[in-house]
Amino acid sequence: MKTEVEKEHGAAAEVDFLAVVDGELVEISPVEIDLADEEQTKVSAKNKIAKAEDRKPKTTAQKPNPQPAIRNYLLLPFIFLTVTLLGGMRLDSKDDAFIFWRPALFCLISAAILMVLFFRARLIRFEGWFSEDFSTLKNLANGALFVTLFAASAQVFNALLPEQGLPFWVLAFCFFWTLWNNLFADFDTKKLLKSLGALFGLAFVVKYLILANLTAPASESWLQGIFQNPTKEAFTWLFDLPRFSAGTGYIQFFTVIFYLLGLFLLPNSFKTKA
Amino acid sequence: MKEKYIQSLGIILTLLYGFFILWLYWAAPKNLAEVSTKAKETIENTATQGTIIIGTYEVDAALFNDGLKAFRTDNFVAARDAFLRADPERRDAKTQFYIAYSYYRQGFGKLYSDDELFKKGLEETNRVTAADKNFKSDDADLKMKTPAELKNEFEEGLKVTVSDFNPFKLTRERK
(Lines give C-alpha, C1' and ligand atoms only; values in the text may rest on other atoms or scores of the structure.)
Protein backbone atom coordinates (compact mmCIF):
# COMPACT_ATOMS: atom_id res chain seq x y z
CA MET A 1 0.00 0.00 0.00
CA LYS A 2 1.33 3.34 -0.91
CA THR A 3 1.93 5.87 1.70
CA GLU A 4 0.34 9.26 1.65
CA VAL A 5 3.62 10.92 0.68
CA GLU A 6 4.14 8.53 -2.27
CA LYS A 7 0.66 9.25 -3.51
CA GLU A 8 1.28 12.93 -3.28
CA HIS A 9 4.47 12.50 -5.28
CA GLY A 10 2.57 10.47 -7.86
CA ALA A 11 0.00 13.18 -8.23
CA ALA A 12 2.69 15.76 -8.48
CA ALA A 13 4.42 13.74 -11.21
CA GLU A 14 1.18 13.65 -13.18
CA VAL A 15 0.99 17.41 -13.24
CA ASP A 16 4.72 17.77 -13.80
CA PHE A 17 4.33 18.07 -17.58
CA LEU A 18 2.86 21.49 -17.14
CA ALA A 19 5.13 24.28 -18.22
CA VAL A 20 6.82 26.46 -15.68
CA VAL A 21 4.50 29.14 -14.42
CA ASP A 22 6.16 32.42 -14.03
CA GLY A 23 3.06 34.16 -12.72
CA GLU A 24 1.59 34.07 -9.30
CA LEU A 25 1.49 30.78 -7.47
CA VAL A 26 -1.98 29.50 -6.88
CA GLU A 27 -2.23 27.76 -3.64
CA ILE A 28 -3.68 24.31 -3.88
CA SER A 29 -6.58 23.68 -1.59
CA PRO A 30 -5.73 22.21 1.70
CA VAL A 31 -4.51 18.67 1.48
CA GLU A 32 -5.51 16.68 4.37
CA ILE A 33 -2.46 14.69 5.08
CA ASP A 34 -3.70 13.39 8.31
CA LEU A 35 -6.44 11.35 6.72
CA ALA A 36 -6.23 7.81 7.72
CA ASP A 37 -8.85 6.38 5.51
CA GLU A 38 -7.53 5.20 2.13
CA GLU A 39 -10.71 6.23 0.34
CA GLN A 40 -10.37 9.73 1.59
CA THR A 41 -6.74 9.77 0.53
CA LYS A 42 -7.78 8.84 -3.02
CA VAL A 43 -10.39 11.59 -3.09
CA SER A 44 -7.81 14.02 -1.84
CA ALA A 45 -5.36 13.06 -4.60
CA LYS A 46 -8.11 13.35 -7.22
CA ASN A 47 -8.95 16.77 -5.87
CA LYS A 48 -5.35 17.78 -6.29
CA ILE A 49 -5.25 16.58 -9.87
CA ALA A 50 -8.55 18.22 -10.62
CA LYS A 51 -7.29 21.47 -9.20
CA ALA A 52 -4.13 21.13 -11.15
CA GLU A 53 -6.32 20.63 -14.24
CA ASP A 54 -8.17 23.78 -13.28
CA ARG A 55 -4.88 25.59 -13.33
CA LYS A 56 -4.05 24.27 -16.75
CA PRO A 57 -5.86 26.94 -18.79
CA LYS A 58 -4.19 29.61 -16.70
CA THR A 59 -0.80 28.11 -17.50
CA THR A 60 -1.60 27.83 -21.23
CA ALA A 61 -2.71 31.44 -21.33
CA GLN A 62 0.67 32.47 -20.02
CA LYS A 63 2.52 30.47 -22.69
CA PRO A 64 3.82 32.67 -25.51
CA ASN A 65 1.10 32.89 -28.13
CA PRO A 66 2.54 31.96 -31.56
CA GLN A 67 -0.21 33.74 -33.51
CA PRO A 68 1.42 37.21 -33.63
CA ALA A 69 4.72 35.67 -34.71
CA ILE A 70 3.00 33.67 -37.44
CA ARG A 71 1.22 36.82 -38.62
CA ASN A 72 4.36 38.98 -38.51
CA TYR A 73 6.94 36.61 -39.92
CA LEU A 74 4.94 34.34 -42.23
CA LEU A 75 1.66 35.95 -43.23
CA LEU A 76 2.83 39.55 -43.68
CA PRO A 77 5.92 38.74 -45.79
CA PHE A 78 3.71 36.46 -47.90
CA ILE A 79 1.17 39.24 -48.44
CA PHE A 80 3.82 41.84 -49.28
CA LEU A 81 5.73 39.52 -51.58
CA THR A 82 2.52 38.57 -53.37
CA VAL A 83 1.90 42.29 -53.88
CA THR A 84 5.48 42.55 -55.20
CA LEU A 85 4.81 39.72 -57.64
CA LEU A 86 1.44 40.96 -58.88
CA GLY A 87 2.21 44.70 -58.88
CA GLY A 88 4.19 44.55 -62.12
CA MET A 89 2.13 41.88 -63.79
CA ARG A 90 0.13 42.77 -66.89
CA LEU A 91 -1.69 40.64 -69.43
CA ASP A 92 -1.23 41.26 -73.13
CA SER A 93 -4.42 42.25 -74.93
CA LYS A 94 -3.72 39.93 -77.88
CA ASP A 95 -3.05 36.57 -76.23
CA ASP A 96 -3.23 37.23 -72.47
CA ALA A 97 0.51 36.53 -72.25
CA PHE A 98 2.21 37.60 -69.02
CA ILE A 99 4.13 40.85 -69.11
CA PHE A 100 6.34 41.56 -66.11
CA TRP A 101 6.64 45.32 -66.01
CA ARG A 102 9.69 46.36 -63.99
CA PRO A 103 9.22 49.35 -61.68
CA ALA A 104 10.45 52.74 -62.86
CA LEU A 105 12.98 54.59 -60.73
CA PHE A 106 10.18 56.91 -59.65
CA CYS A 107 8.40 53.96 -57.98
CA LEU A 108 11.46 53.29 -55.81
CA ILE A 109 11.71 56.97 -54.84
CA SER A 110 8.00 57.07 -53.97
CA ALA A 111 8.34 53.89 -51.93
CA ALA A 112 11.25 55.42 -50.03
CA ILE A 113 9.18 58.54 -49.26
CA LEU A 114 6.33 56.28 -48.17
CA MET A 115 8.65 54.48 -45.76
CA VAL A 116 9.59 57.83 -44.19
CA LEU A 117 5.88 58.60 -43.92
CA PHE A 118 5.30 55.28 -42.16
CA PHE A 119 7.94 56.21 -39.59
CA ARG A 120 6.57 59.72 -39.13
CA ALA A 121 3.01 58.52 -38.67
CA ARG A 122 4.21 55.86 -36.22
CA LEU A 123 2.83 53.08 -38.39
CA ILE A 124 6.31 51.70 -37.89
CA ARG A 125 8.21 52.59 -34.74
CA PHE A 126 11.86 52.19 -35.49
CA GLU A 127 12.82 51.43 -31.91
CA GLY A 128 10.05 48.84 -31.81
CA TRP A 129 11.28 47.10 -34.98
CA PHE A 130 15.01 47.16 -34.49
CA SER A 131 16.66 47.14 -31.11
CA GLU A 132 19.82 46.02 -29.40
CA ASP A 133 17.61 44.29 -26.87
CA PHE A 134 16.28 41.96 -29.57
CA SER A 135 18.08 38.84 -30.68
CA THR A 136 19.95 39.03 -34.01
CA LEU A 137 17.43 36.63 -35.49
CA LYS A 138 14.53 38.86 -34.52
CA ASN A 139 16.25 41.94 -35.95
CA LEU A 140 16.94 40.01 -39.15
CA ALA A 141 13.36 38.76 -39.41
CA ASN A 142 12.07 42.31 -38.85
CA GLY A 143 14.52 43.55 -41.48
CA ALA A 144 13.25 40.97 -43.95
CA LEU A 145 9.68 42.09 -43.28
CA PHE A 146 10.72 45.72 -43.80
CA VAL A 147 12.35 44.85 -47.14
CA THR A 148 9.20 43.08 -48.31
CA LEU A 149 7.17 46.14 -47.26
CA PHE A 150 9.45 48.41 -49.31
CA ALA A 151 9.30 46.09 -52.35
CA ALA A 152 5.52 45.89 -52.12
CA SER A 153 5.26 49.69 -51.83
CA ALA A 154 7.40 50.15 -54.94
CA GLN A 155 5.30 47.64 -56.84
CA VAL A 156 2.02 49.26 -55.76
CA PHE A 157 3.23 52.47 -57.37
CA ASN A 158 4.25 50.42 -60.40
CA ALA A 159 0.76 48.95 -60.51
CA LEU A 160 -1.05 52.27 -60.20
CA LEU A 161 1.09 54.49 -62.39
CA PRO A 162 0.47 54.43 -66.14
CA GLU A 163 3.35 52.66 -67.86
CA GLN A 164 4.57 55.42 -70.16
CA GLY A 165 3.88 58.71 -71.88
CA LEU A 166 2.13 61.81 -70.62
CA PRO A 167 -0.24 59.99 -68.19
CA PHE A 168 2.77 58.52 -66.39
CA TRP A 169 4.28 61.93 -65.76
CA VAL A 170 0.97 63.52 -64.77
CA LEU A 171 0.12 60.81 -62.25
CA ALA A 172 3.70 60.58 -61.03
CA PHE A 173 3.62 64.31 -60.34
CA CYS A 174 0.30 63.97 -58.46
CA PHE A 175 1.70 61.13 -56.37
CA PHE A 176 4.86 63.05 -55.62
CA TRP A 177 2.95 66.19 -54.70
CA THR A 178 0.68 64.29 -52.31
CA LEU A 179 3.49 62.34 -50.68
CA TRP A 180 5.63 65.44 -50.33
CA ASN A 181 2.78 67.35 -48.65
CA ASN A 182 2.08 64.42 -46.37
CA LEU A 183 5.69 64.38 -45.25
CA PHE A 184 5.17 67.70 -43.50
CA ALA A 185 1.64 67.10 -42.23
CA ASP A 186 0.69 65.87 -38.79
CA PHE A 187 -0.37 62.30 -39.23
CA ASP A 188 -1.46 59.51 -37.02
CA THR A 189 -1.56 55.91 -38.16
CA LYS A 190 -5.29 55.85 -38.79
CA LYS A 191 -5.26 59.04 -40.83
CA LEU A 192 -2.29 57.81 -42.87
CA LEU A 193 -4.01 54.55 -43.73
CA LYS A 194 -7.20 56.40 -44.71
CA SER A 195 -5.17 58.83 -46.81
CA LEU A 196 -3.28 56.04 -48.57
CA GLY A 197 -6.49 54.12 -49.20
CA ALA A 198 -8.02 57.19 -50.81
CA LEU A 199 -4.87 57.99 -52.81
CA PHE A 200 -4.46 54.47 -54.17
CA GLY A 201 -8.18 54.09 -54.78
CA LEU A 202 -8.27 57.26 -56.86
CA ALA A 203 -5.17 56.26 -58.81
CA PHE A 204 -6.72 52.86 -59.50
CA VAL A 205 -9.89 54.47 -60.84
CA VAL A 206 -7.89 56.82 -63.07
CA LYS A 207 -5.72 54.09 -64.54
CA TYR A 208 -7.94 51.05 -64.71
CA LEU A 209 -11.31 52.68 -65.34
CA ILE A 210 -10.70 55.98 -67.11
CA LEU A 211 -7.47 55.41 -69.04
CA ALA A 212 -8.25 51.75 -69.71
CA ASN A 213 -11.54 52.79 -71.28
CA LEU A 214 -9.79 55.31 -73.48
CA THR A 215 -7.45 52.64 -74.82
CA ALA A 216 -8.48 51.11 -78.13
CA PRO A 217 -8.66 47.32 -78.23
CA ALA A 218 -6.03 45.47 -80.26
CA SER A 219 -7.06 45.30 -83.91
CA GLU A 220 -5.62 43.51 -86.88
CA SER A 221 -4.41 46.64 -88.59
CA TRP A 222 -3.93 50.28 -87.85
CA LEU A 223 -6.44 51.27 -90.52
CA GLN A 224 -9.07 48.87 -89.21
CA GLY A 225 -8.57 50.33 -85.74
CA ILE A 226 -9.09 53.85 -87.06
CA PHE A 227 -12.38 52.91 -88.69
CA GLN A 228 -13.69 50.86 -85.78
CA ASN A 229 -12.65 53.03 -82.83
CA PRO A 230 -11.50 56.41 -84.12
CA THR A 231 -11.68 58.24 -80.78
CA LYS A 232 -10.05 55.50 -78.76
CA GLU A 233 -7.34 55.08 -81.37
CA ALA A 234 -6.68 58.81 -81.20
CA PHE A 235 -6.42 58.75 -77.38
CA THR A 236 -4.25 55.65 -77.45
CA TRP A 237 -1.88 57.31 -79.88
CA LEU A 238 -1.99 60.68 -78.13
CA PHE A 239 -1.38 59.35 -74.62
CA ASP A 240 0.85 56.49 -75.73
CA LEU A 241 -1.36 54.03 -73.85
CA PRO A 242 -0.29 50.40 -73.79
CA ARG A 243 -2.95 47.82 -74.65
CA PHE A 244 -3.50 45.34 -71.85
CA SER A 245 -6.14 42.71 -71.34
CA ALA A 246 -9.05 43.47 -68.99
CA GLY A 247 -7.66 40.84 -66.61
CA THR A 248 -4.88 43.25 -65.68
CA GLY A 249 -7.34 45.48 -63.86
CA TYR A 250 -8.62 42.56 -61.80
CA ILE A 251 -5.09 41.52 -60.83
CA GLN A 252 -4.18 45.05 -59.80
CA PHE A 253 -7.41 45.45 -57.82
CA PHE A 254 -6.39 42.54 -55.61
CA THR A 255 -2.83 43.84 -55.47
CA VAL A 256 -4.01 47.12 -53.92
CA ILE A 257 -6.40 45.31 -51.58
CA PHE A 258 -3.65 42.95 -50.40
CA TYR A 259 -1.30 45.86 -49.84
CA LEU A 260 -3.78 47.80 -47.74
CA LEU A 261 -4.62 44.63 -45.82
CA GLY A 262 -0.92 44.12 -45.15
CA LEU A 263 -0.59 47.69 -43.86
CA PHE A 264 -3.61 47.17 -41.65
CA LEU A 265 -2.09 44.03 -40.13
CA LEU A 266 1.36 45.56 -39.72
CA PRO A 267 2.41 45.94 -36.07
CA ASN A 268 3.98 49.28 -35.20
CA SER A 269 6.25 47.60 -32.70
CA PHE A 270 7.58 44.14 -31.95
CA LYS A 271 8.32 44.91 -28.34
CA THR A 272 6.31 42.78 -25.94
CA LYS A 273 4.66 44.57 -23.10
CA ALA A 274 6.22 43.97 -19.74
CA MET B 1 6.11 26.50 -32.16
CA LYS B 2 8.75 28.72 -30.61
CA GLU B 3 9.05 32.27 -31.93
CA LYS B 4 12.64 31.82 -33.05
CA TYR B 5 11.65 28.88 -35.26
CA ILE B 6 8.88 30.95 -36.82
CA GLN B 7 11.36 33.79 -37.41
CA SER B 8 13.88 31.45 -39.04
CA LEU B 9 11.18 29.87 -41.20
CA GLY B 10 9.93 33.34 -42.11
CA ILE B 11 13.38 34.48 -43.25
CA ILE B 12 13.94 31.33 -45.32
CA LEU B 13 10.51 31.46 -46.98
CA THR B 14 10.85 35.21 -47.62
CA LEU B 15 14.22 34.66 -49.31
CA LEU B 16 12.90 31.79 -51.44
CA TYR B 17 9.77 33.65 -52.51
CA GLY B 18 11.79 36.82 -53.09
CA PHE B 19 14.28 35.02 -55.34
CA PHE B 20 11.42 33.40 -57.23
CA ILE B 21 9.88 36.84 -57.89
CA LEU B 22 13.23 38.29 -58.97
CA TRP B 23 13.72 35.34 -61.28
CA LEU B 24 10.21 35.78 -62.76
CA TYR B 25 10.91 39.44 -63.55
CA TRP B 26 14.30 38.52 -65.02
CA ALA B 27 13.16 35.52 -67.09
CA ALA B 28 9.74 37.04 -67.96
CA PRO B 29 7.90 33.88 -69.01
CA LYS B 30 4.87 34.54 -71.21
CA ASN B 31 2.64 31.85 -69.74
CA LEU B 32 2.62 29.15 -67.08
CA ALA B 33 4.02 26.53 -69.48
CA GLU B 34 6.97 28.77 -70.18
CA VAL B 35 7.77 29.03 -66.48
CA SER B 36 9.06 25.44 -66.40
CA THR B 37 10.96 25.86 -69.69
CA LYS B 38 12.66 29.01 -68.47
CA ALA B 39 13.41 27.40 -65.13
CA LYS B 40 15.14 24.52 -66.90
CA GLU B 41 17.17 26.94 -69.02
CA THR B 42 18.17 28.92 -65.94
CA ILE B 43 19.30 25.78 -64.13
CA GLU B 44 21.36 24.69 -67.15
CA ASN B 45 22.95 28.12 -67.48
CA THR B 46 23.69 28.24 -63.77
CA ALA B 47 25.29 24.82 -63.96
CA THR B 48 27.48 25.96 -66.88
CA GLN B 49 28.46 29.14 -65.02
CA GLY B 50 29.28 26.97 -62.03
CA THR B 51 31.62 24.82 -64.10
CA ILE B 52 33.34 27.99 -65.35
CA ILE B 53 33.80 29.31 -61.83
CA ILE B 54 35.28 26.07 -60.52
CA GLY B 55 37.35 25.65 -63.66
CA THR B 56 35.82 22.43 -64.97
CA TYR B 57 34.13 23.89 -68.05
CA GLU B 58 34.61 21.69 -71.09
CA VAL B 59 33.36 21.65 -74.64
CA ASP B 60 30.91 18.83 -75.36
CA ALA B 61 33.11 16.52 -77.46
CA ALA B 62 30.24 14.61 -79.10
CA LEU B 63 28.52 17.80 -80.25
CA PHE B 64 31.85 19.21 -81.42
CA ASN B 65 32.43 16.11 -83.58
CA ASP B 66 28.93 16.41 -85.00
CA GLY B 67 29.70 20.01 -85.86
CA LEU B 68 32.98 19.04 -87.47
CA LYS B 69 31.28 16.38 -89.61
CA ALA B 70 28.70 18.88 -90.80
CA PHE B 71 31.49 21.44 -91.45
CA ARG B 72 33.40 19.00 -93.66
CA THR B 73 30.27 18.25 -95.69
CA ASP B 74 29.65 21.99 -96.21
CA ASN B 75 26.53 21.92 -94.07
CA PHE B 76 27.54 25.14 -92.33
CA VAL B 77 24.24 26.03 -90.68
CA ALA B 78 24.06 22.63 -88.93
CA ALA B 79 27.76 22.86 -88.13
CA ARG B 80 27.37 26.22 -86.41
CA ASP B 81 24.37 24.98 -84.46
CA ALA B 82 26.34 21.98 -83.17
CA PHE B 83 29.40 24.10 -82.36
CA LEU B 84 27.30 26.61 -80.46
CA ARG B 85 25.68 23.86 -78.42
CA ALA B 86 29.06 22.26 -77.81
CA ASP B 87 30.45 25.53 -76.45
CA PRO B 88 27.47 27.47 -75.07
CA GLU B 89 29.68 29.92 -73.18
CA ARG B 90 31.80 30.53 -76.31
CA ARG B 91 35.03 30.21 -74.40
CA ASP B 92 36.81 27.63 -76.53
CA ALA B 93 38.99 29.24 -79.22
CA LYS B 94 39.07 26.14 -81.40
CA THR B 95 35.27 25.83 -81.57
CA GLN B 96 34.90 29.56 -82.16
CA PHE B 97 37.47 29.38 -84.94
CA TYR B 98 35.41 26.74 -86.72
CA ILE B 99 32.31 28.89 -86.34
CA ALA B 100 34.12 31.86 -87.88
CA TYR B 101 35.56 29.66 -90.62
CA SER B 102 32.09 28.32 -91.44
CA TYR B 103 30.96 31.88 -92.17
CA TYR B 104 33.90 32.30 -94.52
CA ARG B 105 33.26 29.09 -96.43
CA GLN B 106 29.52 29.70 -96.62
CA GLY B 107 29.91 33.33 -97.68
CA PHE B 108 32.68 32.76 -100.21
CA GLY B 109 31.77 33.29 -103.84
CA LYS B 110 33.87 33.47 -106.97
CA LEU B 111 31.97 36.48 -108.26
CA TYR B 112 31.28 38.14 -104.94
CA SER B 113 31.19 37.27 -101.26
CA ASP B 114 28.14 37.44 -99.03
CA ASP B 115 28.68 40.60 -96.98
CA GLU B 116 26.23 39.63 -94.23
CA LEU B 117 27.98 36.33 -93.60
CA PHE B 118 31.40 37.93 -93.78
CA LYS B 119 30.41 40.57 -91.22
CA LYS B 120 29.23 37.86 -88.85
CA GLY B 121 32.42 35.92 -89.53
CA LEU B 122 34.47 38.98 -88.63
CA GLU B 123 32.68 39.26 -85.29
CA GLU B 124 33.27 35.58 -84.60
CA THR B 125 36.95 35.95 -85.42
CA ASN B 126 37.20 38.60 -82.73
CA ARG B 127 35.78 36.07 -80.29
CA VAL B 128 38.58 33.65 -81.18
CA THR B 129 41.17 36.32 -80.45
CA ALA B 130 39.43 37.19 -77.19
CA ALA B 131 39.46 33.54 -76.10
CA ASP B 132 43.08 32.88 -77.14
CA LYS B 133 45.34 35.52 -78.66
CA ASN B 134 47.88 32.97 -79.89
CA PHE B 135 45.45 30.46 -81.30
CA LYS B 136 46.65 28.36 -84.24
CA SER B 137 44.58 25.61 -85.77
CA ASP B 138 46.09 22.14 -86.28
CA ASP B 139 43.46 21.08 -88.82
CA ALA B 140 45.18 20.20 -92.09
CA ASP B 141 41.92 20.71 -93.99
CA LEU B 142 41.96 24.42 -93.22
CA LYS B 143 44.20 26.58 -95.35
CA MET B 144 44.03 29.50 -92.97
CA LYS B 145 45.37 28.54 -89.58
CA THR B 146 45.16 31.70 -87.50
CA PRO B 147 42.43 34.21 -86.69
CA ALA B 148 44.57 36.96 -88.19
CA GLU B 149 44.52 35.29 -91.63
CA LEU B 150 40.80 34.71 -91.38
CA LYS B 151 40.21 38.28 -90.29
CA ASN B 152 42.20 39.58 -93.23
CA GLU B 153 40.16 37.45 -95.62
CA PHE B 154 36.90 38.79 -94.18
CA GLU B 155 38.10 42.40 -94.32
CA GLU B 156 39.28 42.02 -97.90
CA GLY B 157 36.01 40.39 -98.84
CA LEU B 158 34.02 43.27 -97.38
CA LYS B 159 35.99 45.96 -99.22
CA VAL B 160 35.02 47.03 -102.73
CA THR B 161 38.21 47.63 -104.72
CA VAL B 162 39.29 47.72 -108.36
CA SER B 163 40.72 44.24 -107.97
CA ASP B 164 37.16 42.96 -107.47
CA PHE B 165 36.61 43.50 -111.17
CA ASN B 166 39.67 41.52 -112.17
CA PRO B 167 38.40 38.56 -114.32
CA PHE B 168 41.17 36.36 -112.96
CA LYS B 169 39.39 36.56 -109.65
CA LEU B 170 37.05 33.90 -110.97
CA THR B 171 39.85 31.37 -110.83
CA ARG B 172 40.56 31.80 -107.10
CA GLU B 173 39.87 28.90 -104.81
CA ARG B 174 38.08 28.76 -101.49
CA LYS B 175 40.55 28.30 -98.68
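The values are calculated or read from the model by the stated rules, or taken from the named source; none is laboratory data. Just so it is clear, the model here is predicted, and its values are computed rather than measured. Because the Cβ atoms are built from the backbone with ideal geometry, glycine has one as well, and the counts that use them run over all protein chains shown.
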Can you name the residue in the stretch A:180-222 that is among the hydroxyl-bearing types (Ser, Thr, Tyr) and under 29 Å from A:Ser245 (Cβ atoms) and, of all such residues, is surrounded by the most Cβ atoms within 10 Å (Cβ to Cβ)?
A:Tyr208
From the option list B:Ala62, B:Ala86, B:Ala70, single residue qualifying as touching a Leu at 6+ places or on another chain (Cβ under 7 Å), farther than 30 Å from A:Ile79 by Cβ and either aromatic (Phe, Trp, Tyr) or more than 14 Å from chain A (Cβ to nearest Cβ) (or both) is B:Ala86
So, in the stretch A:72-104, of the ones that are in a helix (DSSP H, G or I) and either farther than 24 Å from A:Leu192 by Cα or of a type in the set (Ser, Thr, Tyr) (or both), which residue ends up nearest to the other protein chains (Cβ to nearest Cβ)?
A:Tyr73
If A:Pro217 satisfies all but one of (1) within 21 Å of A:Ala154 (Cβ to Cβ); (2) in contact with a Lys or Arg (Cβ under 9 Å, 6 or more places away or on another chain), what's the number of the condition it fails?
(1)
What residue, among those in the stretch A:239-274 that are without any contact (Cβ under 8 Å) to a residue 12 or more places away in the chain and in a helix (DSSP H, G or I), is nearest to A:Lys190 (Cα to Cα)?
A:Ile257
Are any residues in the stretch B:73-117 in a helix (DSSP H, G or I) and among the polar types (S, T, N, Q), and if so, which ones?
B:Thr95, B:Gln96, B:Ser102, B:Gln106
Verdict on B:Asp92 being over 24 Å from A:Phe78 (Cα atoms), more than 16 Å from the chain's Cα centre (by Cα) and in contact (Cβ under 8 Å) with a residue 24 or more places away in the chain
no
Does at least one position in the stretch B:42-56 carry a residue that is acidic (Asp, Glu) and either surrounded by fewer than 15 Cβ atoms within 10 Å (Cβ to Cβ) or in contact with a His (Cβ under 9 Å, 6 or more places away or on another chain) (or both)?
yes
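Examine the stretch A:183-193 for a residue that is in a helix (DSSP H, G or I) and either in contact with a His (Cβ under 7 Å, 6 or more places away or on another chain) or farther than 18 Å from A:Val116 by Cβ (or both), and state whether such a residue exists. Don't jump to the end; show me each part of the working.
The first filter runs over the stretch A:183-193 and keeps only residues in a helix (DSSP H, G or I), leaving A:183, A:189-193.
Applying the additional criterion that residues be either in contact with a His (Cβ under 7 Å, 6 or more places away or on another chain) or farther than 18 Å from A:Val116 by Cβ (or both) yields A:190.
Taking every residue of the stretch A:183-193 in turn, at least one turns out to be in a helix (DSSP H, G or I) and either in contact with a His (Cβ under 7 Å, 6 or more places away or on another chain) or farther than 18 Å from A:Val116 by Cβ (or both).
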Condition met for A:Phe134 (touching a Lys or Arg at 6+ places or on another chain (Cβ under 6 Å) and either aromatic (Phe, Trp, Tyr) or within 11 Å of chain B (Cβ to nearest Cβ) (or both))
no
With the structure loaded, tell me whether B:Gly10 is closer than 20 Å to A:Phe100 by Cα and within 14 Å of chain A (Cβ to nearest Cβ) or whether it fails that test.
no
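State all residues of the stretch B:22-33 that are under 18 Å from A:Thr82 (Cβ atoms) and either more than 7 Å from chain A (Cβ to nearest Cβ) or modelled with pLDDT of 95 or more (or both); if no residue qualifies, say none.
B:Leu22, B:Trp23, B:Leu32
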Going through (1) surrounded by fewer than 19 Cβ atoms within 10 Å (Cβ to Cβ); (2) in contact with a helix residue (DSSP H, G or I) (Cβ under 8 Å, 6 or more places away or on another chain); (3) part of a helix (DSSP H, G or I); (4) not β-branched (Val, Ile, Thr) one by one, A:Trp177 fails only at (2)
Of everything in the stretch A:137-186, what is within 14 Å of another protein chain (Cβ to nearest Cβ) and among the aromatic types (Phe, Trp, Tyr)? Give them in sequence order.
A:Phe146, A:Phe150
